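Notes follow the structure.
We did not get these values from a lab; they are worked out from the coordinates using the rules stated. Computed from a prediction, not measured in an experiment: that's the story for all the values here. Cβ coordinates were reconstructed from backbone atoms using ideal geometry, including for glycine residues, and neighbour counts include every protein chain displayed.
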Amino acid sequence: MKTPRYLIFFLIFASLSCSVRLDLEGDIIAGAEGAVAWMTPLPDDRPVASLSIPGAHDAATAGVTAWKTWTQTQDLDIAALWNCGVRAFDLRPALVGGTMGIYHDKYSCNVTFPEVMKALILALEKHPGEGAIVLIRHEEEADGNNPEWGAEMGRCLAGLREHLVDYRDGLTLGQLRGKILVLSRNEYAGGPHGAYIKGWTSGTDVSAQKRALLMVRDGPTCPFWVQDYYHPNGAEDKWAQVKGLLDAVGAGPAPLTVNHASGYVGTLPDYRSNARDINARAAEYIRASGKSAGIVMMDFAGVDRSGGKEVAGKTLIKALLGPVR
């Protein structure tokens, strides 16, 4: 029996669709040097602080629906960010109406903190050789600095205790595997379940960036470096800060370091323009140096184009992970 022409067209289209889907998935995994499980082959005794770790600034904002031009810093959801190799997730929980949701400023990302943590736990169950780092900041703008935030966050994290790891100076990949390291800029009840960050700075003073500390449970404080110059005067202004901390980490040994490529320019937040100027430049610099970079937080992680602009978020992840250092 002769095959109908419409069925031939359907089969060709289905074949092409499958090929495109597989090619895209292969590009994400192979192009980022095995991004879905890039930590797994590394030795257990490797210090976490010595790794180059892709991070997503305001990681849940793919779900934001209000004023997206000025509030969205990511195009991919948490699961997709994980699949692209992101292992550090910046989350901004706020307690609104009794629910610990994730927000950017006062705008909801339409996902809750427990939902994001569950997504990471499921990813770790599938890939137990990996680990995740979650950075928390109480988004006071969204809940008016709700006084119950600390108690509720404490309950949330206590319920996840078996999935969390306490920080210690020299924390190794073997100790992180299968676990989530929670680093919070705010204290909460019964904590820390990981570490509290003290001395976070958004300024340009390099000495201040190197004076931050991690307050841990039942142990001495640990050094911590952070660069979060989020509203620069322009690309050169921002790049000087990113490069400065990259050079400091590359000279090693360095403590756990969070270096923000993310940020915005202009009176109204323009995250894409900053990403266009900084992500590609950071990727090129990291590739050329061949040295560890610490945790690099970026906007539009995992995509090279967003909102009609080149943002090089996929390019930067590839530079951080390939070859995995």
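The table that follows gives values for the structure above.
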read-out	value
Rounded tilt (10° steps) of 149-158 against the dominant C-alpha axis of the chain	70
Angle in degrees between helix 5-31 and the longest Cα principal axis of the chain, rounded to the nearest 10	30
Sequence of HIS163, HIS193, HIS231 once ranked by neighbouring C-beta atoms within 10 Å, starting from the fewest	HIS231, HIS163, HIS193
Fraction of alpha-carbon pairs over 24 Å apart in the chain - percent	53
Farthest positive-ward along the range 41-191 dipole, Cα basis, beta-carbon charges - from HIS57, CYS84, CYS156	CYS84
Listed residues LEU42, LEU176, LEU213, most fluctuating in the chain (Gaussian network, C-alpha, under 10 Å)	LEU42
Under 13 Å, Cβ to Cβ, from TYR103 - net charge with Lys/Arg +1 and Asp/Glu -1	-4
Cα-based helix-to-principal-axis angle, 271-289 vs the chain, degrees rounded to 10	90
Label zone at ASP237 (point 7 Å along Cα-to-Cβ), backbone N below 20 Å, the range 264-284	264-282
Charged-residue dipole, Cβ positions (Lys, Arg, Asp, Glu), the range 34-321 about Cα centre, Debye nearest 20	580
Calculated [θ] (222 nm, deg cm²/dmol) that DSSP helices of n ≥ 4 give over the chain, each run adding -39,500 (n - 2.57)	-11000 deg cm²/dmol
Protection proxy ranking of 49-55, 110-116 - average other beta-carbon atoms within 10 Å, highest first	49-55, 110-116
